[in-house]
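The values are calculated or read from the model by the stated rules, or taken from the named source; none is laboratory data. Everything numeric here is computed off the predicted structure, so don't read it as measured data. Methodologically, a virtual Cβ is constructed for each residue, glycine included, from the backbone with ideal geometry; neighbour enumeration extends over all protein chains shown.
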């Protein structure tokens, strides 16, 4: 009997759902009033696991965030909804340690429609335009997401926080101090940059001056070398000219001497005369070479330049 009643209830539910779907479709009611219900927090050994139900489509991407500003703790977990919009997070912990005992803020959000699958996008609408309800949050860049926030989630564990708790005024004060330090550092940076630019300019000027001095030194050395080479060339030319003059003078002196000797020989030849070789031999002058006193072609029968040689 119970079995038949269960089957009957399922048929009635299916018929009602089909009728509702057809009516809603006919009336153009395609909006999705987003709901997040039955959010359960399971805490064991100071570690948290979050479960919950939604009416969101299957495989909707969710971002679950657990934060505590006092402990400077924040962790995010991405999950996908299962059948009937159910979801379950992984374990929230402080690394491998338990969370500090205290109150935390739990936030459950849908990722923007652009990051959802095509099937989910069709049901959420482009940029989440089909989403309605109290859990809707408008994004600064346009579009809508679902956001569920639960503060004062109490977590008890053996770990007690012993540090200083951060508060807004302290954060603002530290921020202002850091901003002043940043401005001071930026000012110092600008001054150092200015000094560096000046040093670079001075260094460039010194290098240019040194280059000019080096170029001038090389030019002077080249000039001196050119002058030395020119002086050497002139000295060599003068030496060659002097040697040539000496050679010509020696040649002229030799020619003058030869001419004088020839003149003297001619004069001598004209004063000494031998009629034949017998007179030459008698005079003890045989033989007589050409150019010597008494030589004549008549006495040189074989014409070898030596007279009376036989």
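Return yes or no: is residue 155 in contact (Cβ under 8 Å) with a residue 12 or more places away in the chain and either surrounded by 10 or more Cβ atoms within 10 Å (Cβ to Cβ) or more than 30 Å from residue 102 (Cβ to Cβ) (or both)?
Judged against the criteria, residue 155 is a match.
Can you find a residue that is in a loop (DSSP other than H, G, I, E, B), over 60 Å from the mean Cα position of the chain (by Cα) and touching a residue at least 12 places away in the same chain (Cβ under 8 Å) anywhere in the range 254-272?
Yes - at least one qualifying residue is present in the range 254-272.
Just to be sure I understand, how many residues within the range 92-148 are touching a residue at least 12 places away in the same chain (Cβ under 8 Å), assigned to a helix (DSSP H, G or I) and within 48 Å of the chain's Cα centre (by Cα)?
Qualifying residue count for the region: 9.
Could you list, in sequence order, the residues of the range 159-171 that are surrounded by 10 or more Cβ atoms within 10 Å (Cβ to Cβ) and at pLDDT 75 or above?
159, 161
Restricting attention to the range 50-91, and to residues there that are under 24 Å from residue 157 (Cα atoms) and more than 49 Å from the chain's Cα centre (by Cα), which single residue is surrounded by the fewest Cβ atoms within 10 Å (Cβ to Cβ)?
Of everything passing the filter in the range 50-91, 51 is surrounded by the fewest Cβ atoms within 10 Å (Cβ to Cβ).
Quick one: in the range 277-292, of everything that is at pLDDT 85 or above and crowded, with 18+ Cβ neighbours inside 10 Å, which residue is nearest to the chain's Cα centre (by Cα)?
By that ranking, first place goes to 288.
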